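The values are calculated or read from the model by the stated rules, or taken from the named source; none is laboratory data. Note that this is a predicted model, so its numbers are computed, not measured. Counting neighbours? That spans all protein chains shown, and the Cβs are built from the backbone with ideal geometry, glycine included.
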Amino acid sequence: MDTLLNIIACSVRVATAIGFAALGGMLSERVRIINMGLEGMMLFGSFFGVVGSYFSGSAWIGLGLALVAGALVGLLHAVLTIEFKCEHILSSLGINMLASGLTLVLLEVIWKSKGSSSSVKGLGTIRLPIISQIPVIKEVIGTVSPLLILLIICVVFIYYILFRSVYGVRIRVIGDNPEVAGSLGINVYKIQYITLVCSGMLASLGGAYLSIGDINMFIKDMVSGRGYIALAMVVLGRWHPIGAVAVGLIYGMAEGMQYRLQSVTIAPQLVQCLPYLATLIVLLFARSGRGGPKAAGKHYYMKGQ
Amino acid sequence: MESSKRSNVFISIGSLLLALLFSALLILLLKYSPIEAYGAMFKGAFGSKNSWAATLGTATPLIFAGLAMAISNKAGVFNIGGEGQIVVGAMAAAVAGQYGGGLPKIIHIVICLLAAGIAGGLWAGIAALLKVKMKINEVIVTIMLNYLAVYFVNYLVMNPFKAEGMTARTNYISESAVIPSIIRNTRLNYGIFLAIAVALIFLFILKRTIMGYELRSVGLNPSAAENAGIAAAKYIYIAMFLSGAVAGIGGAVEVLGVHKYYISNMTVKYGYDGIAVSVMGGNSPIGILISAVVFGALKAGASNMNRMTHIPSEFISVLQALVIIFVATPAIVRRGKDRISKGKGKREG
């Protein structure tokens, strides 16, 4: 029983990071821009979260800095793909390599270390008023990271925007057919820009969770593929905000079990394979395309271009 | 055709210069001197016989990785799995190299290379299978396969194939499997000729054979190729297998020619470097040879720069990332060129 609760608690933690990134990936694909740069945006988020916390002494300022970094990188991806018609995957890979290189360079400049930063102030946890009284559930979500609460707020908010607001209608029309959106007088580029900046900020929140929300330090390449994994979750979650996060939770179970299994007799390297194997299996079940924005990755030219 | 080729070369060179310029700004921000840094880098890459050997020795795996990327790309498949295929190939070669000590050198080396090629090819084949049969995007699959390969091979190195001692590495390969060095105690070995040969064979297949023609037409427009009676799926399999095989052989050359055993993380990021190499080389075999030497020089120079100026050598990934971004967005370079020529016009007027 304890083990099971442990796994669930762990999967909630894992799902928090992936959930933010999945929301970001979902949004950007809905405006037809493939964002594999999630990986790099997360990495920037975890790094600058720690940097901000280190220099200011406040994890919340760190979180703010992570958000700024995420927004800027989201903007970069937008400029490259929308303004300059860069192949979305190449722009993403460029961003990811940039993130990996730049964080390592700065890590060495700031902390004189090739592997990890020093420990910094983290966001800590919040004891939830009523839930922490309920016997079994309190073990799992009695005390949680403030970012988990933020994630839930984000899911609700994005759900509302997407399906209950004019802005969401515009996003969905662009997702269905940008040409039609353009002919309806929707400023496609503007919405794509805004959405990508949001996408970057969401991914950076996921990254920041990994560092200042969990272990309170930065470790070299600590995102280790979670950005790509989040994209797979978007497909399985059918481009729906609740779907993406729910799938993230299931996926979190796989990773949660990984941590449990590491303490058993199986070789740790084999156990480390699990999340990636799980993602491949997820992709097998999700199959591509069905129900998704069809032409994500294709360039759209606004009138007069 | 000729003019588009020329413009590609212009964009590649322009991108490299722009990336160097932006990186210089970064060096300035970090309060170092860019001139000193680039000077140290140049010296480390071309300053002596040994630094030339380091440059060309580093270029060798980059040629393989770049070609691997380009082969799949020609068929319209984006194989980012070079990293994993290199690791799998290197491990296969390290295992094959340990046995068969009595074999003649040529035969033993060929067996090791074949083992690596098949291992890398099959590993890439998984992504091709999923793409053709299940229509799953190859990009995420190959990235997942990278992580799987790294962790799985780490398992092999730390458990069944671990050599005695503290480090996680395999036993030395037998003498008969060693690819000899060209200059002693440097990375440069005869494997570089194999890399060049693979590039030339790829060029020949691409330009002079029906297979190459069909491969390119699948890459340009798969449905049109299908209509013309070309089995697109077949070429996706072939391209992915060959792509993985070339990457795997690249890993094997690192084992047989440089390290003489497999050690955990020995091929760090060559696969990702290969993306930058093929992008800057415009996916053409000759372009890849040139850009692999350029990146080989940058990487070899970076460790000297690190010694002389304390700028972290990871700095090179930043530079590579910038090159990818600039080459992939030719509009930036072109706009810059327009602005320059407009400026000239003004001055003249």
Any chance B:Ala292 is closer than 23 Å to B:Ala24 by Cα and either free of Cβ contacts under 8 Å to residues at least 24 places away in the same chain or acidic (Asp, Glu) (or both)
no
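I'd like the full set of residues that are hydroxyl-bearing (Ser, Thr, Tyr) and buried (at least 19 other Cβ atoms within 10 Å of the Cβ), limited to the stretch B:68-112. Break it down into steps so the answer makes sense when it comes.
First, pick out the residues of the stretch B:68-112 that are hydroxyl-bearing (Ser, Thr, Tyr): B:72, B:99.
Residue satisfying the conditions is B:Ser72 alone.
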Identify all residues within the stretch B:19-46 that are within 13 Å of another protein chain (Cβ to nearest Cβ) and surrounded by 14 or more Cβ atoms within 10 Å (Cβ to Cβ); write none if there are none.
B:Ala19, B:Phe22, B:Ser23, B:Leu26, B:Ile27, B:Leu30, B:Tyr32, B:Ala37
Regarding A:Ile131, is this residue more than 14 Å from chain B (Cβ to nearest Cβ) and either free of Cβ contacts under 8 Å to residues at least 12 places away in the same chain or within 17 Å of B:Tyr272 (Cα to Cα) (or both)?
yes
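Have a look at B:Thr209, B:Thr170 and point out the one that is in contact with a Phe, Trp or Tyr (Cβ under 6 Å, 6 or more places away or on another chain) and either farther than 30 Å from A:Gln269 by Cα or not charged (D, E, K, R) (or both).
Working: B:Thr209 fails: in contact with a Phe, Trp or Tyr (Cβ under 6 Å, 6 or more places away or on another chain).
Only one candidate passes the filter, namely B:Thr170.
Yes or no: the stretch A:66-73 includes at least one residue that is modelled with pLDDT of 95 or more, among the β-branched types (Val, Ile, Thr) and under 28 Å from A:Ile186 (Cα atoms).
The initial filter retains those residues of the stretch A:66-73 that are modelled with pLDDT of 95 or more, namely A:66-73.
Remaining after also requiring among the β-branched types (Val, Ile, Thr): A:68, A:73.
Those still in the list that are under 28 Å from A:Ile186 (Cα atoms) too: A:68, A:73.
Yes; the residues of the stretch A:66-73 include at least one that is modelled with pLDDT of 95 or more, among the β-branched types (Val, Ile, Thr) and under 28 Å from A:Ile186 (Cα atoms).
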Does B:Lys260 satisfy the criteria of being out of contact with any Asp or Glu (no Cβ under 6 Å at 6 or more places or on another chain), within 14 Å of another protein chain (Cβ to nearest Cβ), of a type in the set (Lys, Arg) and touching a residue at least 12 places away in the same chain (Cβ under 8 Å)?
no
Among the residues of the stretch A:234-246, what is the count of those that are more than 14 Å from chain B (Cβ to nearest Cβ) and assigned to a helix (DSSP H, G or I)?
6
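Tally up the residues in the stretch A:71-86 that are facing another protein chain (nearest Cβ under 7 Å) and touching a residue at least 60 places away in the same chain (Cβ under 8 Å), please.
Narrowing the stretch A:71-86 to residues facing another protein chain (nearest Cβ under 7 Å): A:80, A:84-86.
Within this subset, residues satisfying the condition of being touching a residue at least 60 places away in the same chain (Cβ under 8 Å) are A:85.
So the answer is 1.
Going through the stretch B:273-306 one residue at a time, which ones are outside any helix (DSSP H, G or I) and either at pLDDT 95 or above or surrounded by fewer than 24 Cβ atoms within 10 Å (Cβ to Cβ) (or both)? Steps first, answer last, please.
Here is the first cut: in the stretch B:273-306, the ones outside any helix (DSSP H, G or I) are B:281-284.
Scanning the stretch B:273-306 gives B:Gly282, B:Asn283, B:Ser284.
How about the stretch B:325-336: which of its residues are at the interface with chain A (Cβ under 7 Å from one of its Cβ atoms) and either at pLDDT below 90 or assigned to a loop (DSSP other than H, G, I, E, B) (or both)?
Applying the first criterion (at the interface with chain A (Cβ under 7 Å from one of its Cβ atoms)) to the stretch B:325-336 yields B:325, B:328-329, B:331-332.
Answer for the stretch B:325-336, where residues must be at the interface with chain A (Cβ under 7 Å from one of its Cβ atoms) and either at pLDDT below 90 or assigned to a loop (DSSP other than H, G, I, E, B) (or both): B:Ala328, B:Thr329, B:Ala331, B:Ile332.
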Please list, ordered by first then second residue, the pairs with beta carbon atoms under 6 Å, 6 or more apart or interchain, first in the stretch B:140-166 and facing chain A (nearest Cβ under 7 Å), second of a type in the set (Phe, Trp, Tyr).
B:Ile140/A:Tyr228; B:Ile143/A:Tyr228; B:Met144/A:Tyr276; B:Tyr147/A:Tyr276; B:Leu148/A:Tyr276
Subset of the stretch A:104-135 [assigned to a helix (DSSP H, G or I) and of a type in the set (S, T, N, Q)]
A:Ser132, A:Gln133
If I filter the stretch A:48-55 for residues that are modelled with pLDDT of 90 or more, closer than 21 Å to B:Ile143 by Cβ and more than 14 Å from chain B (Cβ to nearest Cβ), do I get at least one hit?
no
Considering each of B:Ala119, B:Ala127 in turn, give the residue that is crowded, with 21+ Cβ neighbours inside 10 Å, away from chain A (no Cβ under 14 Å) and closer than 25 Å to A:Leu93 by Cβ.
B:Ala119
Suppose the filter is part of a loop (DSSP other than H, G, I, E, B), closer than 14 Å to B:Ser23 by Cβ and either in contact with a Cys (Cβ under 9 Å, 6 or more places away or on another chain) or within 12 Å of another protein chain (Cβ to nearest Cβ) (or both); does B:Ile311 pass it?
yes
Suppose we filter the stretch A:189-233 for residues that are within 11 Å of another protein chain (Cβ to nearest Cβ) and part of a helix (DSSP H, G or I); how many remain?
8
The one condition B:Ser33 fails out of (1) more than 13 Å from the chain's Cα centre (by Cα); (2) under 28 Å from B:Asn189 (Cα atoms) is (2)
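Please verify whether B:Lys269 is within 11 Å of another protein chain (Cβ to nearest Cβ), under 17 Å from the mean Cα position of the chain (by Cα) and of a type in the set (D, E, K, R), treating the condition exactly as stated.
yes
Identify the residue in the stretch A:87-121 that is facing another protein chain (nearest Cβ under 7 Å) and small (Gly, Ala, Ser) and, among all such residues, is nearest to B:Leu28 (Cα to Cα). Give the derivation first.
First pass over the stretch A:87-121, keeping only residues facing another protein chain (nearest Cβ under 7 Å): A:87, A:89-91, A:93-94, A:97-98, A:100-102, A:104-105, A:108-109.
Checking the rest, the ones that are also small (Gly, Ala, Ser) come to A:91, A:94, A:100-101.
On the way: A:Ser91: 25, A:Gly94: 22, A:Ser100: 20, A:Gly101: 17 Å.
Step by step, filter the stretch A:87-121, then rank; the result is A:Gly101.
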Please return the ranges of helices (runs of 4 or more DSSP H) entirely within the stretch B:1-99 where 2 or more residues are under 25 Å from A:Leu98 (Cα atoms) and among the polar types (S, T, N, Q).
B:2-29, B:49-74
